[in-house]
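The values are calculated or read from the model by the stated rules, or taken from the named source; none is laboratory data. Quantities reported herein were computed from a predicted structural model and do not represent experimental measurements. Quick reminder, even Gly has a Cβ in these numbers, built from the backbone with ideal geometry, and neighbours come from all protein chains shown. For the accessible areas, the whole protein counts, side chains as well, though only heavy atoms, and no ligand, DNA or RNA atoms are used. Shrake-Rupley method; radii C 1.70, N 1.55, O 1.52, S 1.80 Å.
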Amino acid sequence: MTRLNWGMIGGGDGSQIGPVHRISATMDGFFTLRAGALDADPEKGRAFAQQIGIAPDRAYGDWREMLAGERNRPDRVDLVTVATPNATHYEITRAFLEAGIHVLCEKPMTVTVAEAEDIAATSARTGAICAVNYGYTGYPLVRHMRAMVARGELGRIRLCVVEFSHGFHADAADAENPRMRWRYDPAQAGLSGQFADCGIHALNMASFVTGENARELSADFLSAIASRKLEDDAMVNIRMDGGTRVRLWTSSVAVGSFHGLNIRVFGEQGGLRWAQQWPDQLHWTPLNGRTQVIERGAADSADAARATRIATGHSEGMLVAFANIYADLAEAIHARREGRAPDPAACHYPTAVDGLRSIAAIRAAVDSAAQGGDWVDARPPSLRP
Ligand code: NAI
């Protein structure tokens with residue numbers, strides 16, 4: 001495979017998610033970082049881009065300059081990752097899609113449902129891929145869970161219980177720390193705090209594994225630290241379009257919980273349990289049977305096999321999970337160029353439609369919580385029958 005040209009917007013020096021993208025996108029050799037507008041401060045962005053090996057003429061001060069510089073180059077970027085704060089995702093992603101450049105946008109894809117509808121429509125109209133970084137769906141055993149459910153091994157799914165709880169924002173004395181404060185400021189974070197930040201990862205994972213989408217939901221929001229304008233804890237009940245009930249808990253004040261992303265799926269014929277902090281073991285209990293541990297590397301599905309890099313017993317982890325999203329995108333881009341169908345096991349990257357479903361769920365959860373937990377339609381307007 002020839003290497004694809006890759007660009008980044010955001011993810012500058014000291015950012016949280018930028019380094020993860022740089023390691024994950026390049027670890028397989030599918031992409032080379034060629035261009036970037038990496039920082040809110042143009043000078044810092046240019047300097048850091050050159051420091052990490054981007055040529056001076058492609059180390060841009062801001063994303064508009066980058067779009068203008070790249071769009072007519074014969075060797076222009078094939079894919080751009082948008083890893084800036086949430087409120088900027090919409091206009092950046094839209095502009096690159098309009099130029100026909102594929103985008104991997106960080107979550108949440110946009111702030112409003114109207115913007116998300118527009119991104120999904122723009123991607124469909126231009127033919128440029130818009131993926132959304134629900135990177136935890138890249139874990140081999142998460143893909144294997146999806147395969148087991150799709151193969152019918154659990155029978156009809158009754159319940160899916162998901163959790164994304166951490167305790168890093170639990171200290172009331174530190175609540176004004178600027179690194180966390182913005183996440184609860186409606187002007188910077190949007191309509192929702194913790195549900196938009198982490199809850200949508202859990203909801204996306206429930207959808208990914210069960211193959212169903214949210215139809216309606218009922219939410220209870222809590223600002224455990226009273227000065228916060230947005231919620232730092234949420235309990236959400238979701239009725240999925242295939243009949244599964246999803247129970248979702250997300251929190252940033254769960255002291256003692258670290259990156260608590262967990263999923264349990266209960267079907268008529270068995271149950272599955274997986275936790276991101278122990279990603280190499282999947283617990284499978286057939287109805288009336290003994291619990292079995294499926295080790296990463298020993299799962300019998302093409303989806304898990306494609307996502308697995310090294311032998312059973314050696315740990316892989318989050319960097320490889322994100323790399324699997326990039327590997328899928330590389331396969332999708334090459335397949336389009338070559339006019340062939342992509343490998344079916346590579347068609348699992350989350351798309352703009354998944355991003356849109358999340359934003360509609362955020363809107364519904366905010367409305368439901370404001371109405372004391374009333375059930376609210378969680379589907380995007382364009383995807384209602
Ligand atoms: P951060 O605040 O640590 O870093 C943001 C970076 O973007 C900084 O380098 C900043 O200078 C730069 N930036 C800001 N505005 C810019 C602009 N207009 N043009 C170019 N660069 C700009 O933020 P963090 O935590 O890295 O989050 C970034 C995004 O990634 C957010 O949307 C967040 O929700 C998402 N995220 C996703 C995760 C996942 O698991 N998928 C995990 C963590 C964050």
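Using a simple spin-label model with pseudo-atoms 7 Å out from Cα toward Cβ, ARG264 and ALA121 lie 4.3 nm apart. When each of the peptides 307-318, 119-130 is scored by the mean number of other C-beta atoms lying within 10 Å of its residues, the order from highest to lowest reads 119-130, 307-318. The alpha carbon convex hull volume per residue for the range 301-364 rounds to 120 Å³. Reducing the range 72-98 and the range 27-54 to their Cα centroids gives an inter-centroid distance of 14 Å.
Shape of the range 273-385 from its Cα gyration tensor (a ≥ b ≥ c, root eigenvalues): rounded if a/c is under 1.5, otherwise prolate when a/b > b/c, or oblate? It comes out oblate by the Cα gyration axes.
Each residue, ASP75 and GLN188, gets one label point 7 Å from its Cα in the Cβ direction; the gap between the two is 3.8 nm.
Compared with the rule-of-thumb size 2.2 N^0.38 Å for a compact globular protein, the range 74-141 has a Cα radius of gyration ratio of 1.10. Taking the chain as a Gaussian network of alpha-carbon nodes connected by springs under 10 Å, the highest mean-square fluctuation of the residues ASP57, ASP185, ASP303 belongs to ASP57. For the pair the range 210-258 and the range 289-344, the centres of their Cα atoms are 28 angstrom apart. Averaged per residue, the range 259-343 has 48 square angstrom of accessible surface, using a 1.4 angstrom probe with ligands and nucleic acids left out.
Taking every alpha-carbon pair within the chain, the share separated by more than 39 Å comes to 14 percent. Looking at the square roots a ≥ b ≥ c of the eigenvalues of the Cα gyration tensor of the range 96-184, which shape do they give, rounded for a/c under 1.5, prolate if a/b is larger than b/c, or oblate? Cα axes put the range 96-184 in the oblate bin. The helix-based estimate of mean residue ellipticity at 222 nm for the chain, built from -39,500 (n - 2.57) per DSSP H run of four or more residues and divided by its residue count, is -10000 deg cm²/dmol to the nearest 500. Across VAL77, VAL20, the residue with the most accessible area heads the list, and the full order at a 1.4 Å probe is VAL20, VAL77.
Its relative contact order, with pairs defined as Cα atoms under 8 Å and 6+ residues apart, puts the chain at 18 percent. In summary, the range 52-203 shows an alpha-carbon radius of gyration equal to 1.27 times the 2.2 N^0.38 Å reference for compact globular proteins. Of the residues TYR349, TYR139, ranked by 1.4 Å probe accessible area with the largest first, the sequence reads TYR349, TYR139.
Using the 1.4 Å probe convention, the accessible area of the range 35-95 works out to 46 Å² per residue with neighbouring protein chains retained.
Comparing the range 1-106 with the 2.2 N^0.38 Å rule of thumb, its C-alpha radius of gyration ratio is 0.94 (two decimals). Ligands, DNA and RNA left out, the accessible area of the range 29-87 computed with a 1.4 Å probe is 51% carbon and sulfur.
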